[in-house]
Amino acid sequence: MLKLILAVVPAAVFAQNASMSIEDYKPKSTLVVPQHPVTRAKYPFIDVHNHQNSTMPVAELDKLVKDMDGLNLQVMVNLSGGYGDRLEKGVANMKGHYKNRFVVFANIDFTNIDDPEYNKRAAAQLERDVHNGAQGLKIFKNFGMDLKDTKGQRIHVDDPRFDDVFETCARLKIPVLIHTAEPWSFFQPMDQYNERWLELKTHPGRARPPDKYPSWETLMGEQHNLFARHPNTVFIAAHLGWLGNNLAELGRLLDRLPNVNTEIAAVLYELGRQPRFAREWLIKYQDRVMFGKDAWNAQEYYTYFRVLETADEYFDYYRKYHAFWQMYGLDLPDEVLKKLYYKNALRIIPGIDRSAFPD
């Protein structure tokens, strides 16, 4: 039978496949196991890590909310709120049309960063932004990696010029969601041992070579110093703090710094390849982790739901270049799911309407 099947395959197909590049390799698993795809979250959830144009036309906003309804996404946090007039207009647009479906975080104005009064001015701007509807502060990854002063010196993540900003967050009781650095592998040589080789091959701009960037250890050390220096400020370390591949170390960080929380945006591939330990870890740290997705694509949420809610085995991740490995479900207990999906965010982010969420 095998010989008969091979005989009907044109020889040209074999020749073509023989020259196929690694980027083209997309194997289809022959494994037959029970499958339970999930297209809607079991509980209404809050996505604490998303990026939208706050001033999008109403028709686009309506479409976005319709897609959110299909996913059971009750509240989306838009981290790209900006500051000043942009922030105010964005809040008016998103919350003006859908009062309880969106949260907008402010961003820092880095203009004239060498001005001796910069720290006070930046803190005052943030306070105005909160008065105009911002419910948190987002720090983007350029902070620490690319941002420089007028002398060309890198701005460190724990630069004291921003102390007033972070202390303002503590006083106003708003969280700081901060993205520092990138995955550890992006800072390593692009060789045969780098597990993100394919992503760096297809997206070369993501590499962080040492002649242009500080090391991963330097950047994360600065971030952790920042957390420790502001114990009254609530921080959310984006993307599992890039420690999803070393959850034990992330746990030690959370144990040491009770003001630090985290979220799972764009790092589901780490949890889905270690289902037993990740499940154990999420149960242990169930009060410190929130749901996040990052880039908006409604269908990509399905993989998140399947990893978190089911015990399925060996299924595809939603992007090939993030992970060449398959996913496994964690089958999280309901109470852990509720905390991950909405309870922790309700506790940490002020001003979210609670009426749409179960007790």
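Residues that are of a type in the set (Ser, Thr, Tyr) and either touching a residue at least 24 places away in the same chain (Cβ under 8 Å) or surrounded by 18 or more Cβ atoms within 10 Å (Cβ to Cβ) (or both): does the range 106-121 have at least one?
yes
So Thr150 ticks every box in (1) over 23 Å from Lys120 (Cβ atoms); (2) part of a loop (DSSP other than H, G, I, E, B); (3) more than 19 Å from the chain's Cα centre (by Cα) but one. Which box is left unticked?
Unmet for Thr150, out of (1) over 23 Å from Lys120 (Cβ atoms); (2) part of a loop (DSSP other than H, G, I, E, B); (3) more than 19 Å from the chain's Cα centre (by Cα): (1).
Among the residues that make up the range 219-229, is at least one of them within 23 Å of Lys148 (Cβ to Cβ), modelled with pLDDT of 95 or more, basic (Lys, Arg) and crowded, with 20+ Cβ neighbours inside 10 Å?
The answer is no, given that none of the residues of the range 219-229 is within 23 Å of Lys148 (Cβ to Cβ), modelled with pLDDT of 95 or more, basic (Lys, Arg) and crowded, with 20+ Cβ neighbours inside 10 Å.
Of all residues being crowded, with 17+ Cβ neighbours inside 10 Å and of a type in the set (Gly, Ala, Ser) in the range 35-66, which is farthest from Phe105 (Cα to Cα)? Just the residue, please.
Per the criteria, the residue is Ala41.
Output yes when any residue across the range 211-218 is of a type in the set (Asp, Glu), at pLDDT 95 or above, surrounded by fewer than 17 Cβ atoms within 10 Å (Cβ to Cβ) and closer than 27 Å to Glu335 by Cα, and no when none is.
Restricting attention to the range 211-218, the residues satisfying the condition of being of a type in the set (Asp, Glu) are 211, 217.
Cutting the leftovers down to at pLDDT 95 or above gives us 211, 217.
Filter again for surrounded by fewer than 17 Cβ atoms within 10 Å (Cβ to Cβ), leaving 211, 217.
From what is left, the residues that are closer than 27 Å to Glu335 by Cα are none.
Taking every residue of the range 211-218 in turn, none turns out to be of a type in the set (Asp, Glu), at pLDDT 95 or above, surrounded by fewer than 17 Cβ atoms within 10 Å (Cβ to Cβ) and closer than 27 Å to Glu335 by Cα.
Have a look at Phe227, Phe235 and point out the one that is closer than 30 Å to Arg347 by Cβ and either among the hydroxyl-bearing types (Ser, Thr, Tyr) or in contact (Cβ under 8 Å) with a residue 60 or more places away in the chain (or both). Explain how you work it out, then say what you get.
Numbers: Phe227 fails: either among the hydroxyl-bearing types (Ser, Thr, Tyr) or in contact (Cβ under 8 Å) with a residue 60 or more places away in the chain (or both).
Going through Phe227, Phe235 in turn, just one is closer than 30 Å to Arg347 by Cβ and either among the hydroxyl-bearing types (Ser, Thr, Tyr) or in contact (Cβ under 8 Å) with a residue 60 or more places away in the chain (or both): Phe235.
For Ile283, which of the numbered conditions (1) touching a helix residue (DSSP H, G or I) at 6+ places or on another chain (Cβ under 7 Å); (2) in a helix (DSSP H, G or I); (3) hydrophobic (A, V, I, L, M, F, W, C); (4) under 19 Å from Val75 (Cβ atoms) fails to hold?
All conditions pass for Ile283, except number (4).
Given the conditions (1) surrounded by fewer than 22 Cβ atoms within 10 Å (Cβ to Cβ); (2) of a type outside the set (A, V, I, L, M, F, W, C); (3) within 16 Å of Thr39 (Cα to Cα), report the number of the one that Tyr341 does not fulfil.
Here Tyr341 meets the rest and fails (1).
The values are calculated or read from the model by the stated rules, or taken from the named source; none is laboratory data. Predicted model, so just to flag it, every value in this text is computed and none were measured. Counting neighbours? That spans all protein chains shown, and the Cβs are built from the backbone with ideal geometry, glycine included.
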